[in-house]
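For reference, the structure discussed in these notes is given below.
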Amino acid sequence: MTAPLPADEVAAGVTTWLAAFGEALAAGDSAAAAALFTEDCFWRDLVAFTWNIKTLEGRAEISAMLDATLPWVQPGGWAITSGGEPASAGGVTEAWIGFETAAGRGRGHLRLRGGLCWTLLTTLDELKGHEEHRGPSRPKGVGHRADPARTTWLEDREQEASALGFTEQPYVLIVGGGQAGIGLGARLRQLRVPTIIIDKHSHPGDQWRSRYKSLCLHDPVWYDHMPYLKFPEHWPVFSPKDKIADWLESYTKIMELNYWADTEATSAAYDDQAGTWTAHVERDGEPLVLRPAQLVLATGMSGRPNLPGFPGMDVFRGDQHHSSAHPGPGRYRGQRCVVIGSNNSAFDICGALWEHGADVTMVQRSSTHIVRSATLMDIGLGALYSEEAVASGMTTDKADLVFASIPYRIMHLFQIPLYDQMRERDREFYDRLEAAGFDHDWGDDGSGLFMKYLRRGSGYYIDVGAADLVANGDVALARGQVDHLTEDAVVLEDGTQLPADLVVYATGYQSMNGWAAELISQEVADQVGKCWGLGSDTTKDPGPWEGEQRNMWKPTQQEALWFHGGNLHQSRHYSLYLALQLKARQVGLPTPVYGLQEVHHLR
Ligand SMILES: Cc1cc2nc3c(=O)[nH]c(=O)nc-3n(C[C@H](O)[C@H](O)[C@H](O)COP(=O)(O)OP(=O)(O)OC[C@H]3O[C@@H](n4cnc5c(N)ncnc54)[C@H](O)[C@@H]3O)c2cc1C
């Protein structure tokens with residue numbers, strides 16, 4: 001075993017690299033800069049260089065990106081940032097860095113191997129001259145002087161709210177006021193971008209309120225914070241859905257968002273000449289036209305139910321609904337319930353129905369990855385998002401950047417060993433599950449839950465107890481494809497009849513560009529293509545390789561149209577980069593997009 005390098009030697013290695021890198025960039029020498037990377041290198045850029053979310057792989061891609069961007073990015077000031085002293089382990093040195101560009105200030109993360117850069121993360125943190133007014137530059141809240149024309153904070157807020165959308169147009173219209181729209185709206189407010197968030201529900205948080213009664217977040221509290229306002233320390237680890245809903249409602253108020261509830265967007269069209277959208281909305285039933293420059297669809301990645309069209313659904317006499325419309329288990333005591341699907345929602349719903357005395361059958365149509373919640377917390381998330389991580393000085397902000405620093409092309413290599421450990425730890429559990437006939441997988445390459453989420457957004461269950469019900473037969477398991485429904489049963493292709501009073505279709509959700517088809521046109525939906533997925537060429541994530549998630553938080557093939565969403569972690573982190581892209585456009589900064597994604601899949 002090699003002895004660890006002394007700290008000053010590690011820091012000196014990083015300083016030397018940064019100096020050489022900074023010099024090459026200042027000289028506009030892309031080839032010299034690229035030569036400071038290993039052959040198998042990655043540079044992930046979140047808006048700082050590319051005005052895009054983009055990963056460059058290998059020296060040639062880095063050199064080409066620098067050729068195109070250096071003249072206007074003009075980077076400099078590369079330095080190790082305080083509080084994140086470089087550390088070396090296993091031949092890799094890691095360091096936190098800061099830098100500046102002509103437009104803004106950035107933060108980044110560096111991994112060096114043998115004196116060369118293996119992975120580089122660069123992120124835009126703020127725009128020069130357009131910083132958020134916080135800390136020392138926070139607003140005073142009052143003018144300490146005698147002023148007969150004085151208006152109060154509340155009067156100013158009311159004046160703003162009554163003008164925006166009527167006598168003044170918002171620069172950004174966010175359609176969808178779930179956590180994604182709210183978080184982005186909060187960031188845009190701090191950046192002083194006039195924004196309206198609309199939602200067809202009556203209150204912020206209603207999307208969570210309307211979900212099945214037993215739902216609690218499957219991710220732990222440290223992973224779920226909204227921007228700016230963290231959950232208090234007594235907040236439960238796994239937040240019940242109605243608590244999240246109330247938090248979002250309060251957040252909207254505290255952050256003073258221009259949030260229009262009971263407002264539905266009915267259509268939108270972009271005028272290339274004018275550079276504005278014409279968005280038709282109905283507010284409290286009254287039609288209204290908004291003309292924002294930018295349109296963000298934050299309408300939910302789990303918002304467009306993927307409802308199957310099985311023959312016989314029209315003759316079935318019992319209750320049937322998609323999981324998103326499941327009212328909860330109360331009314332199904334003693335009834336025969338068939339849940340089609342075997343991922344998160346299916347397990348949650350089966351568990352709650354069983355707890356309420358229903359006779360439950362789960363229909364598994366394809367394999368599912370299951371990981372036990374406690375195991376996932378300990379092995380998968382613990383180092384970054386846990387009480388222990390907080391105690392060791394890990395902040396949410398830093399954890400988000402560590403996560404972002406791992407390029408998607410190699411992320412599975414970091415994940416596979418973790419899932420190998422999980423498999424060992426819970427071997428007895430998996431044996432029981434498989435003995436019950438459950439078709440379990442670990443992802444195409446053994447990389448587990450998070451890669452499945454990034455690649456296809458489905459195909460897994462974080463076990464919070466219902467898997468045991470399947471393993472021990474309390475919830476019956478049927479495997480196979482649904483052939484049709486009769487008046488009172490689900491019939492599988494092999495002829496198996498599953499008598500049913502209730503059928504729940506826990507069959508997932510459609511791609512977010514479907515929202516664009518609904519609201520704008522099929523043509524625009526096809527022009528931007530599928531949202532989500534990495535192009536990993538694994539199940540439900542067809543290639544070619546994209547390197548980043550399709551269409552999320554970055555420019556699309558439709559001018560001034562953006563998609564925002566994901567889980568709470570992603571919504572929080574990526575809302576910063578989306579907000580900065582929008583702010584830059586609002587104040588007229590040049591924002592040449594490098595490497596705008598091509599469209600390979602329509603849905
Ligand atoms: C059962 C379930 C469990 C989940 N558990 C977790 C978890 O544990 N952790 C986690 O991080 N994530 C979880 N998620 C995923 C994700 O966090 C949620 O789906 C979350 O609600 C997404 O937030 P969002 O703001 O992107 O979209 P949504 O919450 O779906 O909000 C979209 C909003 O858009 C509105 N809207 C749509 N069309 C229009 C229109 N034309 N006009 C006006 N308004 C419109 C809707 O009314 C809705 O309120 C879960 C999802 C589901 C379905």
Checklist outcome for this item: Rounded to the nearest 5, the percent of antiparallel DSSP beta bridges in the chain equals 55
Checklist outcome for this item: Both in Å, the radius of gyration and Dmax of the C-alpha trace of segment 274-370 are 19.6, 61
Item to check | q = 0.10, 0.11 Å⁻¹: log10 I(q)/I(0) that the Debye formula gives for the chain, counting C-alpha atoms only | outcome: -0.96, -1.14
Checklist entry - So what is the relative contact order for segment 1-108, in percent, with contacts set as C-alpha pairs under 8 Å and at least six apart? => result 26
Item to check | Test item: Cα-centred dipole of segment 323-433, Lys/Arg +1 and Asp/Glu -1 on Cβ, debye | outcome: 500
Checklist entry - How far, in nm, would the chain grow between Asp314 and Lys230 when pulled straight, counting 0.36 nm per residue and subtracting the alpha carbon separation? => result 25.5 nm
Checklist outcome for this item: Once both label points are put 7 Å beyond Cα along the C-beta direction, the Thr395-Ala20 separation in nm becomes 3.2
Item to check | From phi via Karplus (6.51, -1.76, 1.60), per-residue ³J(HN,Hα) for segment 377-383 in Hz, x at Gly/Pro | outcome: 4, 5, 9, x, 10, x, 5
Next on the checklist: Please report the net charge: other residues with Cβ closer than 13 Å to the Cβ of Ala68, K and R +1, D and E -1.
Outcome noted: -2
Next on the checklist: Need one number: nm distance between label points at Thr496 and Arg113, each 7 Å from Cα along Cα→Cβ, rounded to one decimal.
Outcome noted: 4.6
Next on the checklist: Cβ neighbours within 10 Å, averaged per peptide: list 174-180, 346-352, 154-160 in order, most packed at the top.
Outcome noted: 174-180, 346-352, 154-160
Checklist outcome for this item: Ranked output for segments 30-36, 144-150, 412-418, 5-11 by mean other Cβ atoms within 10 Å, highest leading, reads 30-36, 412-418, 5-11, 144-150
Item to check | Gain in span if fully extended, Ala374 to Asp439, counting 0.36 nm per residue against the direct Cα distance | outcome: 21.2 nm
Checklist entry - Where Lys and Arg each count +1 and Asp and Glu each count -1, what net charge lies around Tyr171 among other residues with Cβ under 13 Å from its Cβ? => result +4
Checklist entry - Using modelled backbone amide H atoms (1.01 Å from N, in-plane), which distant-in-sequence or interchain residues come within less than 5 Å of His484's amide H? => result Val491
Checklist entry - How high is the FRET efficiency between Ser367 and Gln273 when r is their beta carbon distance and R₀ equals 41 Å, given to the nearest 0.05? => result 0.20
Item to check | FRET E, pair Val402, Lys213, Förster distance 35 Å, beta-carbon r, rounded to 0.05 | outcome: 0.45
Next on the checklist: Could you compute the net charge surrounding Tyr270? Neighbours are other residues with a C-beta less than 12 Å from the C-beta of Tyr270; K and R count +1, D and E count -1.
Outcome noted: -3
Next on the checklist: Using 0.36 nm times the number of residues separating Thr152 and Asp67, minus their current alpha carbon distance, what extension gain do you get?
Outcome noted: 25.4 nm
Checklist outcome for this item: Rounded to one decimal in nm, the spacing of the 7 Å Cα→Cβ label points at Asp246 and Asp488 is 4.4
Next on the checklist: What is the distance in Å between the Cα centroid of segment 412-452 and that of segment 479-531?
Outcome noted: 27
Next on the checklist: What FRET efficiency comes out for Glu424 versus Arg291 if R0 is 56 angstrom and r is the Cβ-Cβ distance? Round to the nearest 0.05.
Outcome noted: 0.45
Item to check | Cα centroid separation - segment 335-382 against segment 131-180, whole Å | outcome: 45
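Bear in mind that the values in this text are calculations on the coordinates, not laboratory data. All figures in this text were calculated on a predicted structure; none of them were measured in a lab. Because the Cβ atoms are built from the backbone with ideal geometry, glycine has one as well, and the counts that use them run over all protein chains shown.
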